[in-house]
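Let me begin by presenting the structure, written as structure tokens, before commenting on it.
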Amino acid sequence: MGSEKVSSSFVNETTLVLIKPGGVSRGLIGEVTRRVEARGLTISGMKLINAPRETVETHYAEHRERPFFKDVCDYLTSGPIVAMAVSGPNAIKAIRTMMGATNPIEATPGTVRGDLALTIDDNLTHSSDGEESAARELGLWFSEGMVK
Ligand code: CDP
Ligand code: MG
């Protein structure tokens, strides 16, 4: 009785997080990275950059036909951003959940967007939404690789 090991299922993953220009200009790099590290995740790549327009358009290629595509690309290139690779158990879902709903007004308090943002066009962060997008986005933003 009680000797069987309960299987805990997790996979070590790496995901991409962007702190958008509003987060950088508001001085929230520390707050976002603090939350990521406090959760137990590891920052395995990080840089502050003025993102090239082409990189942002490739990043958001799935939204190319959407009405907000130009605005979101304008916004992402309007000032420096932080690109981070974040690693750990179930990192993709852990980070998505921590960031909260796309529209901050719908985001649960306790999430980054629910605590620190108010509008969808200035929702502070990006995070990969699945394994495929994480691999694609990490290759795009960290073509030089991450810290192992
Ligand atoms: O960032 P997330 O994956 O939660 O949302 P998305 O649906 O992939 O949309 C990408 C980004 O486009 C959002 O984070 C918003 O900044 C922006 N967006 C917008 O401005 N208006 C919308 N109606 C939808 C998205
Ligand atoms: Mg998305």
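A few comments on the model shown:
- Qualifying residues in segment 1-37 (those that are among the small types (G, A, S) and part of a loop (DSSP other than H, G, I, E, B)) - the one surrounded by the most Cβ atoms within 10 Å (Cβ to Cβ): G27
- G40 more than 16 Å from ligand 2 (Cβ to nearest atom), in a loop (DSSP other than H, G, I, E, B) and touching a Gly at 6+ places or on another chain (Cβ under 8 Å): yes
- Of all residues making up segment 80-97, the number that are β-branched (V, I, T) and touching a Leu at 6+ places or on another chain (Cβ under 6 Å): 3
- Filtering segment 24-83 to residues that are among the basic types (K, R) and under 16 Å from L140 (Cα atoms) leaves K47, R53.
- Residue within segment 48-58 that is touching an Asp or Glu at 6+ places or on another chain (Cβ under 7 Å) and surrounded by 12 or more Cβ atoms within 10 Å (Cβ to Cβ) present: no
- Selection of segment 43-53 for residues being outside any strand (DSSP E or B) and either under 23 Å from G130 (Cβ atoms) or under 17 Å from the mean Cα position of the chain (by Cα) (or both) yields N50, A51.
- Filtered residue count, segment 95-119, keeping only those that are outside any loop (DSSP other than H, G, I, E, B) and either without any contact (Cβ under 8 Å) to a residue 24 or more places away in the chain or more than 10 Å from ligand 1 (Cβ to nearest atom) (or both): 13
- Cross-chain or 6+ apart pairs with Cβ under 8 Å, segment 123-148 first and over 18 Å from V72 (Cα atoms), then modelled with pLDDT of 95 or more and part of a loop (DSSP other than H, G, I, E, B): A134/S128; L138/S128
- Output for segment 88-144, where each listed residue is modelled with pLDDT of 95 or more and of a type in the set (D, E): E106, D115, D121, D122, D129, E131, E132, E137
The values are calculated or read from the model by the stated rules, or taken from the named source; none is laboratory data. The structure displayed is predicted, hence computed values, not measured ones. All Cβ positions, even for glycine, are placed from backbone atoms using ideal geometry, and neighbour counts span all protein chains on display.
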